[in-house]
Structures are given as C-alpha cells and as structure tokens.
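*Asks:* My questions will all concern the structure given below.
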Amino acid sequence: MIDLPADPKQSGDWLDFLSSLLFYSASISATKQTISGQRYALRVNPSSGNLHPTEFHAACPNGLYHYRVSSHMLEQRAAGDHGPLKFLLTTIAWREAWKYQSRAYRYCLHDVGHAWQSLALAAQAMGCETAAVGIFDDDSVASSYGLAEDEWPMLLVEIRGAPECPVAGSREWFGGVPNGLSAEVIRYPLIEEMHAATKKVVAGQKAGWQAKAPAPLFSFDLGYGRYGEIARRRRSALDFRGGTESISNDQLRTLLDVAMSPLQSDFYDAGYIQLYLYVHRVQDVAPGVYKYLREEARLELVKSGDQRVMAAALSLGQDLAGNSCITFSMIGDLERAADLHGDRGYRYVHFQAGAIGQRLYLAAESLGFQSTGIGAFFDDSVNEYLGITQESGSQVVYHFACGYAVPDDRIVAG
C-alpha cells in the first residue's frame, strides 16, 4: 500500500494539484531489474515496448512547463499568462521507430490515447472535468510551445475545476534544449508521409469543443485515494496464467461499460471503434467470438467454440492472447473518421483505441485482475477472420487482453 497524500484539490494549492495529477497519470511507478542487474523504470501511463514517445507539457496563467518524468518535476520554459490550464501531449516518433520501424506511428498514437485517459481519469478522481482538443493547427501549436523539430503536437487536454494559479505579469521565454535520443536518426518516409497527411485540418472545422453533459468515466465510484492506488499499481501483463481461472459476467459487463463510455473531445462524435471479443473464460458466456453491440449493450455471437489458439495466432503468435480470460480486437471505422476529418481522422481512431485500452487497464485492475495492450497482430488475417471487408472502410487497429497475470518478480514498486 502506498502512502497517499490528502486530496490536493481541497488545499487549493495549484502546484500540489499539478504534482498529484502528474504523479497519478505520468510518473514513474516502479522499476524492473534485468538478469544482468540493470534496472529500468516503469510508468503510470503505459507505452509500447516501454519506450514512451509521449511528452507532457502544461500551459497555464503562470507560464509554460515541461514535465520531467525522471525527477517528477516541472521545468518552466516560459513565464506569462498562457491561458487556462491545459496539457499538450506530444510524440517523438524516433523513440518507437528504431524498434518498430514504420509501424511505430500507430503505436505513438495509441500511446497518446493512453496518456490522454491517464490524465483525464486522474483529473476526474480529483474532482475536475477534462476535454480533449484534437482540431488545431499543428505548426502554430508547435511554435507556441517551442517544440523541437522531431517533437510533434498531438492532443490538447483542457483541465477544468483545478485550483487557480497565480497570473504571471509579463511574458519571458526561457527555452531549453531537449535531450537527444541518439547521435544518428534513421528516417522512415512512411511515418513522415503519414504524419504530414494527418496534419491537415478539414476546412470548416474549428478548434475547441462543444460542452456536453458530463458522462461518468467509470460506472462505479473509485474515489481519490482508491484511484491513485490502482493507477500506480497498474502494470502491463507479460502473460496470463490460463488454466481454469475466470472472470464473471458482471465483471465483463463492467469492462464493456467503462471502455465504451463517451469521450469528451472535439472529434469523438459517437466513436469510431467496434469491439470484438474472443471469450475464453467468462462465467455464463460460452467460448467464442462476439461482437459488442454498444447501443443495445449486448453480445452478438460471431463464431462459437474455443478461440484460444486462434486469438494467440492472430496476435503474432503471442500466447498471452490465448491465456487471457478475454481478448479484444478493436476495429476502427477509418472511412467514417476520414469522411468527417480527412486524413487527420486516422489520429482520432487510434487515440480512441488507446483511450479504451487505458480504461480497460484501470477497470481490470480495480476488479482484481490485470491486462495488457497488444500492438502486434496480423492485420489482414484478423480482418478476414472477423469478416471485416475492405469495402467496409474498417480495419483492426489494436488488440487488448485481460486476465490473471503471471507474477513478475523483477518489479520493485515505487
């Protein structure tokens, strides 16, 4: 059990608030020791390969700040009034591309979705509302935050209801030079072309979001202390125990309710993700593949029978997708997103997939089991197996698994 501080929202101290918000959404939460004895950090917000291309920047009436994860501190980059409190989530694709090559762009977008919900859920637990803004001019935002050429703005997250911070009198730019990942950077033209295409905002769209009636992100109340404990305990499972252990039908329903609750953003528009479920061990639900009909809140049987071998095979041969209690395929409606937002809609589909993944992480942990995101799968094979045709304009964008994790005794909690 970690020592949880008192709710900083009640104290009214804006720095305490930001410290706690980042502590429960982006900070280092544990370390893992390798066989050689070396240690590396794990964070509250997950990342493909633990490579963390996402950076957190904050703008507020007191200035511009960058979050330095290694020391849990805010580095002030500028003074002056920069408007109400909001965070800019950026990505540095080279951090992923050196390992995952051109596929890394997809992972970067997933990670932004995870970071967004990590921030949003922590803020909600602290009594605030959030909304994401994805419709903005990339170059203008990059310039206003003083980003380096290889750091790309992805998503703005507005925080409403936070303690007021003092307003700085005059503007002053402090700057700063970001650390370099390596002396040499290998270019990935497909990533650069895709990113250039998604930078375009469809004519007529405006930045900002339309306020809607707030929707609960969880169907049960975790409370500030309980949420913080769960958020910092969350880990990505490396495998699941398999066997006969199962989750209940009610737990599955909770996962689905939490995952598919509406998102507060300017690009959501009822969502772009359709969930398919490979049910392995859920009480009172026969093994098989199911399509989740969100509007009716029910499962529709697609294929009956044991799916453990197929789920693992489709997930690039990873046993964890078959050893889990349940594995998800997230199918993105890319055509509909493109109709609404042009090529920029590609970002929004993957942001939503990552956001759903983060909700599944925390919901599973709160229910007593674990989960993990799976970015590696055979795209065409998944589409074919589920009957997703090219004409539909949809395709698989993310896999996710939930179950009882194999313990990892290399982890030392922070």
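*Asks:* Just to be sure I understand the filter: pairs with C-beta atoms under 6 Å, separated by 6 or more residues or on different chains, first member in the range 39-59 and closer than 16 Å to F23 by Cα, second member open to solvent by 30 Å² or more (accessible area, probe 1.4 Å) and among the hydroxyl-bearing types (S, T, Y). Which pairs pass?
*Replies:* A41/T31; P46/S236
*Asks:* Could you give every pair whose Cβ atoms fall below 8 Å, whose first residue belongs to the range 233-246 and is within 9 Å of G403 (Cβ to Cβ) and among the aromatic types (F, W, Y), and whose second residue is open to solvent by less than 60 Å² (accessible area, probe 1.4 Å) and assigned to a loop (DSSP other than H, G, I, E, B), counting only separations of at least 6 or pairs across chains?
*Replies:* Filtered contacts from the range 233-246: F240/S324; F240/C325; F240/Y404.
*Asks:* Residues that are crowded, with 19+ Cβ neighbours inside 10 Å: list the strands (runs of 3 or more DSSP E) wholly contained in the range 344-414 that include at least 2 such residues. Before you say what the answer is, go through the steps one by one.
*Replies:* On the way: elements: 370-374, 394-403, 411-413.
Answer list for the range 344-414: 370-374, 394-403.
Residues are listed down the side, and each one gets a yes or a no for (1) in contact (Cβ under 8 Å) with a residue 24 or more places away in the chain; (2) closer than 23 Å to W152 by Cα; (3) among the basic types (K, R):
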{"site": "A312", "(1), (2), (3)": "no, no, no"}
{"site": "S315", "(1), (2), (3)": "yes, no, no"}
{"site": "Q318", "(1), (2), (3)": "yes, no, no"}
{"site": "G322", "(1), (2), (3)": "yes, no, no"}
{"site": "C325", "(1), (2), (3)": "yes, no, no"}
{"site": "D333", "(1), (2), (3)": "yes, no, no"}
{"site": "A337", "(1), (2), (3)": "yes, yes, no"}
{"site": "V349", "(1), (2), (3)": "yes, yes, no"}
{"site": "A355", "(1), (2), (3)": "yes, yes, no"}
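A quick yes/no check of all residues on (1) at pLDDT 95 or above; (2) at positive phi; (3) part of a loop (DSSP other than H, G, I, E, B); (4) touching a strand residue (DSSP E or B) at 6+ places or on another chain (Cβ under 8 Å):
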| residue | (1), (2), (3), (4) |
| --- | --- |
| S140 | yes, no, no, no |
| S143 | yes, no, no, no |
| G146 | yes, yes, yes, yes |
| E149 | no, no, yes, no |
| P153 | yes, no, no, yes |
| L156 | yes, no, no, yes |
| I159 | yes, no, no, yes |
| C165 | no, no, yes, yes |
| S170 | no, no, yes, yes |
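*Asks:* I need the strands (runs of 3 or more DSSP E) fully contained in the range 217-304, keeping only those with at least 1 residues that are surrounded by fewer than 16 Cβ atoms within 10 Å (Cβ to Cβ).
*Replies:* Values: elements: 273-279, 288-293, 298-304.
In the range 217-304, the matching strands (runs of 3 or more DSSP E) lie at 288-293, 298-304.
*Asks:* Suppose we keep only residues that are out of contact with any helix residue (DSSP H, G or I) (no Cβ under 7 Å at 6 or more places or on another chain) and small (G, A, S) within the range 174-202. Which one would you say is most open to solvent (accessible area, probe 1.4 Å)?
*Replies:* Among those that are out of contact with any helix residue (DSSP H, G or I) (no Cβ under 7 Å at 6 or more places or on another chain) and small (G, A, S), it is A183.
*Asks:* Restricting the search to the range 294-335, which residues are basic (K, R) and modelled with pLDDT under 95? Don't jump to the end; show me each part of the working.
*Replies:* So the first thing to find is which residues in the range 294-335 are basic (K, R), and the list is 294, 298, 303, 308.
Once the filter is applied, which keeps residues that are basic (K, R) and modelled with pLDDT under 95, the range 294-335 yields only R294.
*Asks:* Sticking with this one: Considering only residues that are under 22 Å from T254 (Cβ atoms) and modelled with pLDDT under 95, which ones fall in the range 264-293? Talk me through it step by step, then tell me what you get.
*Replies:* Filtering the range 264-293 for residues under 22 Å from T254 (Cβ atoms) gives 264, 268, 270-271, 273-293.
Hits for the range 264-293 are Q264, Y268, A270, G271.
*Asks:* Are there any helices (runs of 4 or more DSSP H) wholly within the range 1-120 with 2 or more residues that are open to solvent by less than 10 Å² (accessible area, probe 1.4 Å), and if so which? Quick ask: steps written out before the conclusion?
*Replies:* Values: elements: 8-11, 14-23, 94-100.
Of the helices (runs of 4 or more DSSP H) lying wholly inside the range 1-120, those with at least 2 residues that are open to solvent by less than 10 Å² (accessible area, probe 1.4 Å) span 14-23, 94-100.
The values are calculated or read from the model by the stated rules, or taken from the named source; none is laboratory data. Treat the numbers as computed from the prediction; the structure is a model and nothing was measured. Using ideal geometry, Cβ is built from the backbone for each residue, glycine included, and neighbour counts are taken over all protein chains shown. Accessible surface areas use protein heavy atoms only, side chains included; no ligands, DNA or RNA. Shrake-Rupley method; radii C 1.70, N 1.55, O 1.52, S 1.80 Å.
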